[in-house]
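The values are calculated or read from the model by the stated rules, or taken from the named source; none is laboratory data. Quick caveat: nothing in here was measured; it's all calculated off a predicted structure. No Cβ is skipped: glycine too gets one built from the backbone with ideal geometry, and neighbour counts run over all protein chains shown.
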Amino acid sequence: MQPHEFGSAVRHLRESTAPATVGLAAGRRRVRGLRREELGELAGMSADYVRRLEQGRSHPSAAVVNAIARALRVERADYERLCALAGYAAAEGHVPTDLGPGATRLLERFSDTPMIVTDAAMNVVAVNSAFTALEHWTLTGGRWEWNVAWRTFCDPFEAFKQSAGDADDHEAVLVTQLRSSLLRYPADSALAAMVDDLRSRSGRFDALWRAPRPVGAYESSATITQSDGDSVTLVGNLIAIPGDDLAAVMMTAAPGSRDADRLAELVGAADEQAVVKVGRSGPG
């Protein structure tokens, strides 16, 4: 854990909490949100301790994390993020799968950019029509056919090719994401079962799980071949959507390149449906 990250998250939540939502009178205030004294009183700790937490000068116990979350009446995703930043597992955590408003807006506003939205377990929740135009996500009828990590390590797409370096980066990101998710959602039996299955079926995944590689950048390049035999090379960037504990992968081509022209051709011929929710039976 980086203490300043936890402290910054607490400060942001404190300053974003309206007094009325925690039973306090708003009154005349010079600062937004709650004062440190108010958070301390609600959480059963001193204002000075809250200050040291926010400045990254003190490591919180699990009880302190829970007390702060209860005092601020944070939503589940924010509570689980606080636990992850502090290095603790959230109690009775389960991976949320709802497509929130933030993710929906991303899909709607970048309709010309191939994009997928995944939950914390790397299950695809929704895509846009620009993504389906790439034609590479074939369905197998398997239990985890919509899971990015499973398809990468156990059931790869024939039309999706990466260089050795890009594949290493992509795999490192997936393992890092799943390790973090398992910490935050220890009670999610489906996530635990998938990780166990990945470790038993993929030697590569198991090796990375036991000795994860550091993640330098949350992006990698891939060449995707369409049914007409033509292909397009895109760079995928992972973007966190923390409020809903989702993530988006945006796929772009180099400006002015042949790949940009090919992508524009594919997107131009695609259905204009901005948001396509997916599941075990395919898009719908």
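Observations, loosely collected:
- In segment 14-31, the qualifying residues are those that are within 31 Å of the chain's Cα centre (by Cα) and more than 17 Å from Arg51 (Cβ to Cβ), and the one that is surrounded by the fewest Cβ atoms within 10 Å (Cβ to Cβ) is Ala20.
- Yes/no for Ser111 being closer than 16 Å to Val249 by Cβ, more than 15 Å from the chain's Cα centre (by Cα) and modelled with pLDDT under 90: yes
- Put simply, of Leu24, Leu34 the only residue that is farther than 30 Å from Ala133 by Cα and touching a residue at least 24 places away in the same chain (Cβ under 8 Å) is Leu34.
- Selection of first residues in segment 53-78 that are more than 16 Å from Glu37 (Cα to Cα) and in contact (Cβ under 8 Å) with a residue 12 or more places away in the chain and of second residues that are among the acidic types (Asp, Glu) and crowded, with 18+ Cβ neighbours inside 10 Å, restricted to Cβ pairs under 6 Å at least 6 apart or on distinct chains, gives the following pairs, ordered by first then second residue: Ala77/Asp245.
- Test result for Val195, within 23 Å of Leu106 (Cβ to Cβ) and not charged (D, E, K, R): no
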